1. Just to verify a number: FRET efficiency for L29 and Q686, C-beta to C-beta distance, R0 = 25 Å, to 0.05?
2. Rounded, prolate or oblate: which one fits segment 147-188, using the alpha carbon gyration tensor with axes a ≥ b ≥ c (rounded when a/c is under 1.5, else prolate when a/b beats b/c, else oblate)?
3. Figure the gain on full extension for L55 and E608 (residue separation times 0.36 nm, minus the Cα-Cα span) and round it to one decimal in nm.
4. So what's the net charge close to T247: Lys and Arg +1, Asp and Glu -1, counting the other residues with Cβ under 12 Å from its Cβ?
5. Set the Förster distance to 60 Å, then compute FRET efficiency between A404 and A124 from the Cβ-Cβ distance, nearest 0.05.
6. Taking 0.36 nm per intervening residue step and subtracting the Cα-Cα distance, what contour gain separates Q478 from A642 on full extension?
7. Placing +1 at every Lys and Arg Cβ and -1 at every Asp and Glu Cβ, with all other atoms neutral, what dipole size does segment 215-398 have around its Cα centre, in debye to the nearest 20?
8. Can you put I714, I547 in order, fewest other beta carbons within 10 Å first?
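Nothing in this text is a laboratory measurement; each read-out follows from the coordinates by a stated rule. Here the structure is a predicted model, which is why all the values come from computation and not from measurement. Positions of Cβ are generated from backbone atoms using ideal geometry, with glycine treated the same way; all protein chains shown enter the neighbour counts.
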Amino acid sequence: MLEGSGKRRDMKDTPPVFSAQRVRVLLPLPLAGAYDYRVPPGLDIQSGEFVTVSLNHRPMIGVVWDAAEAPEAVPVPDHRLKPVNAILPAPRMTVSLRRFIDWVAAYTLSPPGAVLRMAMGSTAALEPPTQQAGWTLAGPGSNRQPRMTPERQRVLAVMEPGRVYAGAPLAEAAGVSLGVLRGMADNGLIRPALLPHASRFSRPDPDHPGPRLLGAQAEAATQLVAKVAARRFGVTLLTGVTGSGKTEVYLDAVAEALRQGRQALVLLPEIALSAQWLERFKARFGVSPALWHSEVTPRTRRDTWRAVAEGEAPVVVGARSALFLPFPDLGLVIVDEEHETAFKQEDGVVYNARDMAVVRARLAGAACVLVSATPSLESLTNAESGRYEALDLPERHGGASLPAVETVDLRRTPPERGRFLSPPLIEAVNATLERGEQAMLFLNRRGYAPLTLCRHCGHRMRCPNCTAWLVEHRARRQLQCHHCGHTEAPPAECPECGTANSLVAVGPGVERVLEEAAALWPEARRLVMASDTLPGPAAAGMAAQQIQDREVDLIIGTQIVAKGWHFPHLTLVGVVDADLGLAGGDLRAAERTVQLLHQVAGRAGRAEAPGRVLLQSFSPEHPVMQALISGDLDAFMSEEAAIRRPGHWPPFGRLAALIVSSEDEREADRTARDLGLAAPGGEGVQVLGPAPAPLALLRGRHRRRLLLKTRREIAVQPILRDWLARVPVPNSVRVQVDVDPVSFL
Ligand code: ADP
Ligand code: ZN
């Protein structure tokens, strides 16, 4: 391995020789780059090969990287190089995936090995697949005359020469026990053999009959199909109101990728959404696609990774990490709900999967489709400038109309004291339930109450590790921090003044709305949908099924209910606190609130019965509420653009955040100040901060933020690299780089 940069090489050494063949191997570790290794004689190594090497006397798997553009100034001499130990029997990593890893590393200022780690989803997959044993006919040659029984005859009748059968299914097909098979083997009638490696991934049938697309749907589908058939990179923004059939349309593009013999990747923001999506896929193609997300078992992970690498998994649907799967021939990348912030990975390698999907598609020569009913201003701007093509589906499928959106002015018709549902909303739910239809109450807050306060001294229950209040989860009898997970039991008396029974819940969470709903509608069958009540895709899928099957009358949910669900019997959506997302100084607060509430509203009235949406708000005159009432999101987004353009805010300028953190507050402050003093400047370059982060304390670390803002034509990466190189950072301090931040906490 490379030891240091070679600068400390003893000059009295004999001159180094650089004759042996060497390769660069990238290891899945946060190191500065690839390391040189020696190629042992007789080993033929190509770029992309998975190899084993040793690092500090530990065996490791890495990937043979391409020759460096600028070789090291002082390379390690041959005699100090360690050899490559072995080449693993796995498909080589494609050049397009290697370039992608380099690209993501450079864009996010991450070590390439940290990005490589995401692409090595399962090292078990690099081993040769294990084969299972079965039975085959022994064939002629055995001149013994074993005893024949009716059971043995049935087995022989089932078996074809040359084929290998797994034991259990063979026994079942012949109606015998496994013992009969073993006896036949002992008698030389059959013999053990290895089963061929069976793929668990069936090939979706592109010509399986799907729904008939007409009008705008057919037009959009034809265009997307042509993009895929062109086998070239290009980005299309597919928009259309909720329920207009965007999914059906892009599944046609998936069918074309299959016809082309290429692979397709569909990214979904939250895998909880996948249950209904998978049903749709199955209905369209007859089989299930491969799934990739953090909750798949190690075994499925291994099989899926391998199947993708061997081209055996033609379609993958997954979370953002699926971008790093080893597709040998990717023809189509779809990002559904492209506006979702869940596509941003906030820790480790900080990247936006929506944006990186475009890069992955470009490097693979694939078509890319971004899909949303509420597209981001970023994508809209790219469509406007002609970088992306735009396709739109203006109407709901089957003549369903968009729901009527109204506000409830909480200043004029407030709820009763200590309650959160206003009289007009209660009446609307009454009427809906009386008609036998479903209603939904939306509040983007888990738990019972966001704040617990002492009525006597005003003390607020806070997290010891974070700048955050503890959220009461009454059903679990816990106070919980939603940032670090810290929990404690609710104290019987105020920890500050000692008064007994003085702590009161302030504000609502979904649990509290459920309590109110239970009192108002004791007969209604209620269901809570929140990420903590429905952990994992299976639970969310079951809940969705219950709703579809009308086993539920009233749904109470957090943002999980906003995502793409199709609930045909839901006709009323009540938003408990429409103002919730507008607080705080986030650049995109208004945009996000419109997107979220429009998506929630879009769950209503998706079938024949018209839908109605009530937004409880203290400021119904706010442009966000007005946009939701009018449904004219285009006009709202134009306004947003007009607000952001003059100040060069994204997408009309670039941002990168530096988050300085340390357990030692003074160290964090000192480094943040040093970075501030060394801040880059010049035409079109500006640094804001340092300032304490809104989450000034997170998991016990003190956090300071600096924000680099540049004109659109100025890349932030070279500026960041130069800036960070000039400021020494002590070991106790971490400086995280967040290019294109979406969270400013
Ligand atoms: P979106 O993705 O735009 O929200 P979907 O694709 O989910 O819309 O379509 C909404 C509903 O209408 C789904 O149940 C879908 O199966 C159905 N649908 C859409 N287009 C058609 C069509 N052409 N024929 C039959 N059903 C359709
Ligand atoms: Zn905390």
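1. Values: r = 35 Å, r/R0 = 1.41.
For R0 = 25 Å, the calculated efficiency reads 0.10.
2. Details: a/c = 1.31, a/b = 1.19, b/c = 1.10.
Rounded is the answer for segment 147-188, as its axis ratio a/c remains below 1.5.
3. Details: separation 553, 0.36 × 553 = 199.08 nm, distance 6.45 nm.
Working it through step by step, the gained length comes to 192.6 nm.
4. Details: positive: K246, R280, R284; negative: E248, D252, E279, D336, E337.
Cβ neighbours under 12 Å give a net charge of -2.
5. Working: r = 54 Å, r/R0 = 0.90.
E(calc), rounded to 0.05, equals 0.65.
6. Details: separation 164, 0.36 × 164 = 59.04 nm, distance 4.53 nm.
So the chain would gain 54.5 nm between Q478 and A642.
7. Numbers: 20 positive and 23 negative charges, 121 e Å.
Magnitude of the dipole: close to 580 debye.
8. Details: I714 17, I547 24.
The fewest-first ordering by Cβ neighbours comes to I714, I547.
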